[in-house]
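Trainee: Supplied in structure tokens, the structure appears directly below.
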2 protein chains.
Amino acid sequence: MPSAENDKPNRETYRHGDLRNALIEAGLELARQGGPEAVVLRAATRQAGVVPNAAYRHFTDRNALLQAVSQTAMAHLARTMEAEQAALPPATDEAAAARARFRAVGTGYLRFAQEEPGLFRTAFHVPGDMAHAAAPTAAGAAGKTPFELLGAALDDLVKAGLLPEDRRPGAEFLAWSAVHGLAALLIDGPLRGLHPTQAHDAGQHVIDMIERGI
Amino acid sequence: MPSAENDKPNRETYRHGDLRNALIEAGLELARQGGPEAVVLRAATRQAGVVPNAAYRHFTDRNALLQAVSQTAMAHLARTMEAEQAALPPATDEAAAARARFRAVGTGYLRFAQEEPGLFRTAFHVPGDMAHAAAPTAAGAAGKTPFELLGAALDDLVKAGLLPEDRRPGAEFLAWSAVHGLAALLIDGPLRGLHPTQAHDAGQHVIDMIERGI
DNA sequence: CTCCGCATGTGGACAGCGTACACAAGGCTG
DNA sequence: CAGCCTTGTGTACGCTGTCCACATGCGGAG
């Protein structure tokens, strides 16, 4: 009598009850293992124990499903970044704390990229429009998207006097570019397969460069 | 006697003669317009005026074809970077020249990403192994791959005394990360659709950051 | 100069994909 | 309790990548 995500034939109620979320969850698992191109509509419906066309009651498109999965993956990224900040040891002074929080943004970003490459690639696979990377569905526990977390960390850097105010505008794009680029090189670029500790060092070097050059 | 890439039925010789290259060429055009996922085996063979299975005499896989297209796209990138350096005005002194050549590496890279986003994404779409980004098929006119062009520019920076020798090791990954990340943001990230001049400015800012932080 | 082997292109088939259309089930509102 | 409208089903189509057996004819052996 239980069982809702089994094979095809058995479900006790005609209605699934929560198909939309079930599809997103299934898509998320597919994305985790194989990246965005592995998010296959028919596979997701199969996992949800439903016929392929049922998906069209909740998503106009395979693309719409992928979009929803992508948003959720982005939210996971946000949570990893938040966790990285939360795990920070108490800092001696406010400036050190701001600096540590800023670095944690980048470190968490890179950690997620390496631990969940499929989800990371899916989060940044945006066929249509990425403007809604700022959508609330992409936010973490604190309601902030990865982009907003970075912006907040930069603001703190300014407040702490570690970043001149006139350098603040546009700084998120400098920092984001560097960290995102490294993530790309690590995931499927020439730095792929780097030992995790080496990858961590590379990440710290990139963040050093950002601090110096921002 | 000419005419080899027509419709399906007409080709005068039973053998195509240069099918492998024809398929790569067709794939390149598909990639230009729609990125890596647009490189469809059947479409390429159609364009070459050949039956789908003919492709399997030259590529084991769709993936093998895509790989070949990707390499060619990488070579185009190399040529764009070389062109950017070649277009440099004569510099006053050697240090200025080295610096200009270094910046041209990044500027050319970003120019290609924006002018040919489909090819750029295809060049960096490496399903299997990207180790052979250093393969000769990925090189430009001077026989250097994009990665090697960057390395050479950095070496010149050291020779010109603009980059301390102890900062040289691993510097390519710092620079590459930053520029590649910006390219990603510009192509299908939140910076997409930026006015070309604004995009150019963003590129210069990122390169500024690299010069400061490297 | 002829003949035949083997590389190259053809034809047909299959499973899997996204998606459109008409139909079935059954909870919700009146 | 009736019926509507949302949700899930069934069937079908064209597209994809790929497998298999077969056809063709170029180039070297005789």
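The values are calculated or read from the model by the stated rules, or taken from the named source; none is laboratory data. These numbers were taken from a predicted model, which means no experiment stands behind them. Methodologically, a virtual Cβ is constructed for each residue, glycine included, from the backbone with ideal geometry; neighbour enumeration extends over all protein chains shown. Areas reflect the complete protein model, heavy atoms only, side chains present, ligands, DNA and RNA absent. Shrake-Rupley method; radii C 1.70, N 1.55, O 1.52, S 1.80 Å.
Trainee: Just to be sure, is B:Ala48 within 12 Å of DNA strand D (Cβ to nearest atom) and outside the structural domain of B:Glu148 (by TED's automatic domain parsing)?
Mentor: So B:Ala48 fails the test.
Trainee: If you check B:Gly108, B:Gly35, which single one turns out to be closer than 20 Å to B:Leu149 by Cβ and either open to solvent by 20 Å² or more (accessible area, probe 1.4 Å) or of a type outside the set (Asp, Glu) (or both)?
Mentor: B:Gly108
Trainee: Moving to a separate point now. So, of the residues in the range A:38-60 that are within 9 Å of DNA strand C (Cβ to nearest atom), without any contact (Cβ under 8 Å) to a residue 60 or more places away in the chain and open to solvent by less than 60 Å² (accessible area, probe 1.4 Å), which turns out to be farthest from A:Leu119 (Cα to Cα)?
Mentor: Top of the filtered list is A:Pro52.
Trainee: Would you check if A:Arg101 is in a helix (DSSP H, G or I), surrounded by 19 or more Cβ atoms within 10 Å (Cβ to Cβ) and touching a residue at least 40 places away in the same chain (Cβ under 8 Å)?
Mentor: Yes: the conditions hold for A:Arg101.
Trainee: Which members of the range B:161-186 meet the condition of being buried (at least 20 other Cβ atoms within 10 Å of the Cβ) and more than 10 Å from every other protein chain (Cβ to nearest Cβ)?
Mentor: Matches in the range B:161-186: B:Leu163 only.
Trainee: Which ones in the range B:13-28 are under 9 Å from B:Ala44 (Cα atoms) and open to solvent by 80 Å² or more (accessible area, probe 1.4 Å)?
Mentor: B:Glu25
Trainee: Next question. So, in the range A:12-37, of the ones that are within 12 Å of DNA strand C (Cβ to nearest atom) and touching a residue at least 60 places away in the same chain (Cβ under 8 Å), which residue ends up farthest from A:Met74 (Cα to Cα)?
Mentor: A:Gly34
Trainee: Go through the range B:13-27 and give me each residue that's within 13 Å of DNA strand D (Cβ to nearest atom) and in a helix (DSSP H, G or I).
Mentor: B:Leu23, B:Ala26, B:Gly27
Trainee: I'd like the residue in the range B:144-160 that is open to solvent by 50 Å² or more (accessible area, probe 1.4 Å) and away from chain A (no Cβ under 14 Å) and, out of all such residues, is nearest to B:Pro36 (Cα to Cα).
Mentor: Per the criteria, the residue is B:Lys144.
Trainee: Pull out all pairs, ordered by first then second residue, where Cβ-Cβ is under 7 Å, the residues are six or more apart or on different chains, the first lies in the range A:188-214 and is under 18 Å from A:Glu115 (Cβ atoms) and within 7 Å of chain B (Cβ to nearest Cβ), and the second is hydroxyl-bearing (Ser, Thr, Tyr) and buried (at least 21 other Cβ atoms within 10 Å of the Cβ).
Mentor: A:Val206/B:Ser177
Trainee: Taking the range A:28-45 as the region of interest, how many residues are within 13 Å of DNA strand D (Cβ to nearest atom) and within 14 Å of chain B (Cβ to nearest Cβ)?
Mentor: 2
Trainee: Kindly provide the set of residues from the range B:64-88 that are more than 14 Å from the chain's Cα centre (by Cα) and in the same structural domain as B:Ala142 (by TED's automatic domain parsing), ordered by number.
Mentor: B:Gln85, B:Ala86, B:Ala87, B:Leu88
Trainee: Would you please name the residue that is farthest from the other protein chains (Cβ to nearest Cβ), looking only at residues in the range A:61-98 that are outside any helix (DSSP H, G or I) and either away from DNA strand C (no atom under 16 Å from the Cβ) or of a type in the set (Phe, Trp, Tyr) (or both)?
Mentor: Looking at residues that are outside any helix (DSSP H, G or I) and either away from DNA strand C (no atom under 16 Å from the Cβ) or of a type in the set (Phe, Trp, Tyr) (or both), I get A:Pro90.
Trainee: Do the conditions hold for A:Arg111, that is, is it under 15 Å from the mean Cα position of the chain (by Cα), over 17 Å from A:Glu211 (Cβ atoms), away from chain B (no Cβ under 14 Å) and away from DNA strand C (no atom under 16 Å from the Cβ)?
Mentor: The answer is yes for A:Arg111.
Trainee: Run down A:Thr80, A:Thr92 and say which single residue is open to solvent by 20 Å² or more (accessible area, probe 1.4 Å), within 18 Å of A:Trp176 (Cβ to Cβ) and either among the β-branched types (Val, Ile, Thr) or within 12 Å of DNA strand D (Cβ to nearest atom) (or both).
Mentor: A:Thr80
Trainee: Cβ-Cβ distance below 6 Å, separation of 6 or more or different chains: which pairs start in the range A:120-138 with a residue that is farther than 15 Å from A:Pro36 by Cα and in the same structural domain as A:His76 (by TED's automatic domain parsing) and end on one that is modelled with pLDDT of 85 or more and hydroxyl-bearing (Ser, Thr, Tyr)?
Mentor: Listed by first residue and then by second, the contacts come to A:Ala134/A:Thr145; A:Ala138/A:Thr145.
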